[in-house]
Amino acid sequence: MEFVDKLNIYREKINNSLDQILQVQEPKLLYEPMKYIIEIGGKRIRPMLCEIFYRMFNGEKDKVLYPALAIELLHNFTLVHDDIMDDDDKRRNKPTVHVKWDLAVGVLAGDGGVSLAYKVLLKEKFDRSDQIIDIFTEGLLEVCEGQGFDKEFETRVDVTEKEYVNMINKKTSALLAVSAKIGAVCANVDRETVEVANQYGRALGLAFQIQDDYLDIAGDEKLLGKTYGSDVQKGKKTYLYIKAKEKLAGEDLNKFNEIIEKENATRDEILRVRDIYDRNGILDETNTEIIRRIDLAKEAIDKLSKNYDTQELKEFTEYMLNRKF
């Protein structure tokens with residue numbers, strides 16, 4: 001069976017389980033938007049990663065399902081608040097919750113979703129349940145810290161690469177690390193192995209976010225599920241933005257600053273920024289950084305390969321490296 005077919009089977013199982021958890025209840029103004037954000041889909045990479053780590057360490061079949069689902073619920077409902085803060089109108093090619101309903105409902109649905117995530121997390125008991133709760137909670141706090149840094153960066157033009165990496169390490173990498181670590185802890189492996197799982201999740205998360213930055217302007221618009229070039233329109237401090245500020249000079253720098261500082265860049269202006277990135281080697285440099293981060297994830301896999309069958313994790317990593325959206 002091709003690995004992508006395996007992932008589709010995992011994804012279907014996760015979607016079916018989420019559907020069972022999110023049967024619409026009263027009040028509908030809370031539960032309908034909660035169900036909506038789950039039903040519009042997603043890659044489900046976090047619960048898949050949690051299950052992959054659990055299986056790799058010979059965890060008891062299906063016992064990790066509830067923690068994996070809890071991580072996916074947490075991720076999705078932090079996105080509801082993320083969309084509000086970024087004023088995004090599309091998520092996976094569908095209206096965002098606060099656009100489909102209103103701002104107050106978006107806040108309520110996000111709060112309710114995080115609460116539901118904890119309820120699901122606690123459905124299954126493990127030998128180290130306290131540690132699992134700690135990892136989960138710390139991950140949520142890190143996501144909030146990362147979002148806080150991201151908001152602070154909106155009013156700055158001097159964000160450094162080090163600051164950016166710290167921000168995405170919290171905002172994006174944290175929950176991928178949570179997925180890997182919880183899969184490992186549920187399987188009751190030693191703390192050194194849990195730390196290797198953390199190293200893998202962090203490296204993969206950094207690659208994933210830089211890849212998102214890249215795909216926002218260099219990916220296939222039909223596959224993105226959000227407005228093409230939305231990072232440029234919002235003046236987001238992405239990896240490409242930071243490299244542009246470091247490398248550009250003369251007319252390219254002047255034009256870049258003019259477009260990036262506008263309230264809403266036009267499509268032609270976004271394409272102009274893409275051309276500037278391309279001609280100045282920024283797209284290539286970004287791809288190189290993605291591969292470097294993936295290689296760090298592979299180094300963690302090599303550590304695990306001494307004692308465990310890591311083939312599925314290797315395939316998952318290659319799948320992530322080659323994703324188009």
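What follows is calculated from the coordinates using simple rules that are stated; it is not laboratory data. If you're wondering where the values come from, they're calculated on a predicted model, not measured in any experiment. Neighbour counts run over all protein chains shown; Cβ positions are idealised from the backbone, glycine included.
Note on residue 85 and residue 318: the model spin-label points, each 7 Å out from Cα along the C-beta direction, lie 3.7 nm apart. In the frame of its principal axes, the range 21-123 has Cα extents of 45, 27, 18 Å, reported largest first. Based on alpha-carbon atoms, the Kirkwood radius and the radius of gyration of the range 88-146 give Rg/Rh equal to 1.10. Pairs spanning more than 26 Å between alpha-carbon atoms, out of 6/28; 237/262; 125/303; 171/306; 43/306: 6/28; 125/303; 171/306; 43/306. Under Stokes-Einstein, with the Kirkwood radius over Cα pairs as Rh, the value for the range 70-200 at 10 °C and 1.306 mPa s is 100 µm²/s. Applying 0.36 nm per residue to the separation of residue 58 and residue 1 and subtracting their alpha-carbon distance, the gain on full extension is 18.4 nm. Between the Cα long axis of helix 45-56 and the first principal axis of the chain there is an angle of about 40°, rounded to the nearest 10. Taking a quarter of the surface of the Cα convex hull of the chain gives a mean projected area of 16.1 nm².
Our estimate of slack between residue 305 and residue 92, defined as 0.36 nm per intervening residue step minus the Cα-Cα distance, is 73.1 nm. Compared with the dominant Cα axis of the chain, that is its longest principal axis, helix 191-218 is turned about 30°. Summed over all non-identical Cα pairs, the Kirkwood treatment of the range 160-252 gives a radius of 14.9 Å.
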